[in-house]
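The values are calculated or read from the model by the stated rules, or taken from the named source; none is laboratory data. Because the structure is predicted, anything quoted here is derived from the model rather than measured. Heads up, the Cβs are rebuilt from the backbone with ideal geometry, glycines too, and the neighbour counts pull from every protein chain shown.
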Amino acid sequence: MLDDEDRRILRHWQGDAGLSPGELADRVGLTAGKVARRIVRMQEAGIVEGVGMSVDWAALGYSVEVSLRITLDKTQGNAFDAFLVAARDVSEVIEIQTFLGRVDVRLSIIARDMAHYQSIYRGKILTLPHIADIEALMHVARIKSDEALPL
């Protein structure tokens, strides 16, 4: 399991994933070699799955984000599988989540503008298999988007 030194490394690394082992070492009070070994150990244990990057979709011209809550026709035995396979092929779908309850799936969709969104919705989303109901929620503001754990 994690000890205090591991937690310190993760706390700082979550704040800035671009830090090198040497920079992390300076911040947590360890040697660069010890930090590097701990990072490798945490990666091998599956605690750290990789170092990612974030794309600013708005900077690329995508100004519309919509969350679609979808209920599937569960009378069809393969509804979930067929829907998920098809939804993965829609390039504007940036996130897919599944749920237990009235809503089965949530899709996050990005578009350049409302006309583009309407084209995606009519041409790609409504053609997905086994949809029984859709509710669209227009994204207004992202108040918090933080995947860091309180270590």
Tell me, which residue of segment 43-72 that is without any contact (Cβ under 8 Å) to a residue 24 or more places away in the chain and not in a loop (DSSP other than H, G, I, E, B) is surrounded by the most Cβ atoms within 10 Å (Cβ to Cβ)? GLN43
Among the residues listed as VAL28, VAL85, the single one being assigned by TED's automatic domain parsing to the domain that holds TYR117, surrounded by 11 or more Cβ atoms within 10 Å (Cβ to Cβ) and farther than 28 Å from ARG142 by Cβ: VAL85
In this structure, does ARG106 turn out to be basic (Lys, Arg) and either free of Cβ contacts under 8 Å to residues at least 12 places away in the same chain or surrounded by fewer than 10 Cβ atoms within 10 Å (Cβ to Cβ) (or both)? no
Yes or no: ILE134 in a strand (DSSP E or B), in contact with an Asp or Glu (Cβ under 6 Å, 6 or more places away or on another chain) and either at pLDDT 95 or above or assigned by TED's automatic domain parsing to the domain that holds LEU10 (or both)? no
